[in-house]
1. Restricting to Cα pairs below 8 Å that are 6+ residues apart, what does the relative contact order work out to for region 118-302? Please round to a whole percent.
2. Determine the shape class of region 204-329: with a ≥ b ≥ c the square roots of the Cα gyration tensor eigenvalues, call it rounded for a/c under 1.5, and otherwise prolate if a/b is greater than b/c, oblate otherwise.
3. What spacing in nm lies between the two simple spin-label points modelled at K41 and V266, each 7 Å away from Cα in the Cβ direction?
4. Quick one: if you stick a label point 7 Å off each Cα along the C-beta vector at E385 and D299, how many nm between them?
5. Once the piece of chain linking D102 and H279 is laid out straight, how much longer is it, given 0.36 nm per residue of separation minus the C-alpha distance between them?
6. Fewest Cβ neighbours within 10 Å first, please rank R280, R316 accordingly.
7. Suppose R0 equals 41 Å. What FRET efficiency, 1/(1 + (r/R0)^6) with r the Cβ-Cβ distance, do E130 and R72 give to the nearest 0.05?
8. Kindly write out, for region 193-200 in residue order, the coupling ³J(HN,Hα) from the Karplus curve 6.51 cos²θ - 1.76 cosθ + 1.60 (θ = phi - 60°), rounded to whole Hz, with x marking Gly and Pro.
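We did not get these values from a lab; they are worked out from the coordinates using the rules stated. Please read all numbers here as calculations on a predicted model, not as lab measurements. Here the Cβ is made from the backbone with ideal geometry for all residues, glycine too, and neighbour counts use every protein chain on show.
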Amino acid sequence: MFHWGKWKKRMGANSSSKRPVFDEKEDVNFDHFQILRAIGKGSFGKVCIVQKRDTEKMYAMKYMNKQQCIERDEVRNVFRELEILQEIEHVFLVNLWYSFQDEEDMFMVVDLLLGGDLRYHLQQNVQFSEDAVRLYLCEMTLALDYLQSQHIIHRDVKPDNILLDEQGHAHLTDFNIATIIKDGERATALAGTKPYMAPEIFQSFVSGGTGYAIEVDWWSLGVTVFEVLRGWRPYDIHASNSVESLIQLFSTVSVQYSPTWPKDLVSLLRKLLTVNPEHRFSSLSDMQTAPYLSDVNWDAVYEKKMEAGFVPNKGRLHCDPTFELEEMILESRPLHKKKKRLAKNRSRDNSKDSQSENDYLQECLEVVQQEFMIFNREKLKKRQEEGQSEAGNYDASGDGDGEAESGAADEDANEPEPGPEADPEHAPESASKLSMCGSVCSSPGSC
């Protein structure tokens with residue numbers, strides 16, 4: 001059996017007593033991290049645990065193969081996710097710390113949460129108490145309220161995308177199909193995971209109506225809470241169901257709530273699972289009016305002072321162990337051999353005068369290389385702190401209000417330019433570089 005605590009201790013003992021020092025002006029790159037263990041796999045990306053060599057801090061690192069992303073029309077989704085994650089930070093989100101690239105892959109380094117996702121625990125037959133799920137509901141309410149303030153629709157709230165930390169608190173992850181909608185705008189794409197998608201998403205796809213907005217995430221939250229409590233979802237929906245049949249389903253099938261649940265809980269779930277989005281609970285203020293949550297201390301929830309009803313076992317890693325075996329045995333381009341492989345490829349490329357066999361793919365790879373958004377939250381925070389300190393000194397002199405110093409600090413932070421919009425129709429002209437590659441530009445996840 002894998003013992004996470006012993007493994008961490010052993011890794012610490014094996015690490016060099018002298019930390020490496022990296023040039024602060026140098027961008028963070030693959031060499032700055034020690035690869036420790038594979039822990040997850042998505043449709044076109046993988047996740048591993050890493051340790052930053054200079055600070056010894058632990059993170060999760062998601063890496064996506066560029067060629068596969070191009071072939072699967074996923075580049076725009078990756079860029080949109082980066083654009084969103086670089087602009088947000090919240091206690092109940094899985095936050096981005098670094099993004100960088102090399103010839104093969106794009107990397108996102110995020111918070112490491114060792115408690116596993118809710119799907120994993122459901123599959124392990126964990127029986128979540130009502131108190132535990134009530135806290136998840138409150139924490140996800142604060143996360144969605146924050147995203148709403150940033151005009152972001154997540155579009156994939158489900159147990160698989162809610163990770164627990166070691167204390168048992170919930171964090172929302174995976175912004176791969178999230179989208180940004182400005183005031184008055186509506187999303188129209190058929191995006192999400194069918195069993196968790198709100199009725200208006202399907203209706204918009206069929207009838208081309210007015211589209212949908214942030215209310216869809218609150219429907220998904222209702223489905224998730226129902227499933228984590230009961231062990232199955234309120235509607236029997238599968239990926240194979242046609243959109244037309246689902247529209248019919250929502251108009252004819254009534255949700256069956258457990259007779260053992262408190263009436264106030266059922267009342268709240270009914271409000272979240274209201275088919276008409278205009279009548280659905282879809283804000284923090286709505287949730288605060290619910291009798292089921294009337295006694296919640298929301299400040300204590302935000303500060304993680306509420307004791308979790310379920311605390312993951314700290315003695316083990318809560319993920320499928322086959323991810324590590326696949327990386328070691330089946331992966332044709334394993335991450336731990338990347339440095340040698342890239343050096344070999346560079347040597348071979350330098351010896352060739354001819355272009356790549358696939359000129360189109362090479363052209364797309366070059367566009368991705370140019371347009372990728374590098375990010376360093378650690379450096380950004382440091383510069384913001386320095387800016388605030390300088391602004392305070394400026395104020396102390398009595399010469400002004402500090403705005404000039406603060407503004408200079410923001411400019412120095414060198415935040416990346418926003419990436420291309422999700423919807424090509426709303427893409428700025430400056431993002432037209434991506435249009436040179438049709439596959440890069442035509443992602444089905446457009447807004």
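1. Details: 243 pairs, mean separation 42.1, N = 185.
Once normalised by length, the contact order is 23 percent.
2. Values: a/c = 1.84, a/b = 1.14, b/c = 1.62.
Here region 204-329 falls in the oblate category.
3. 4.3
4. 2.6
5. Numbers: separation 177, 0.36 × 177 = 63.72 nm, distance 4.79 nm.
Length difference between fully extended and current span is 58.9 nm.
6. Details: R280 22, R316 16.
In increasing order of surrounding Cβ atoms, one gets R316, R280.
7. Values: r = 41 Å, r/R0 = 1.00.
Rounded to the nearest 0.05, the efficiency is 0.50.
8. Values per residue, Gly and Pro as x: 10, 3, x, 10, 7, 6, x, 5 Hz.
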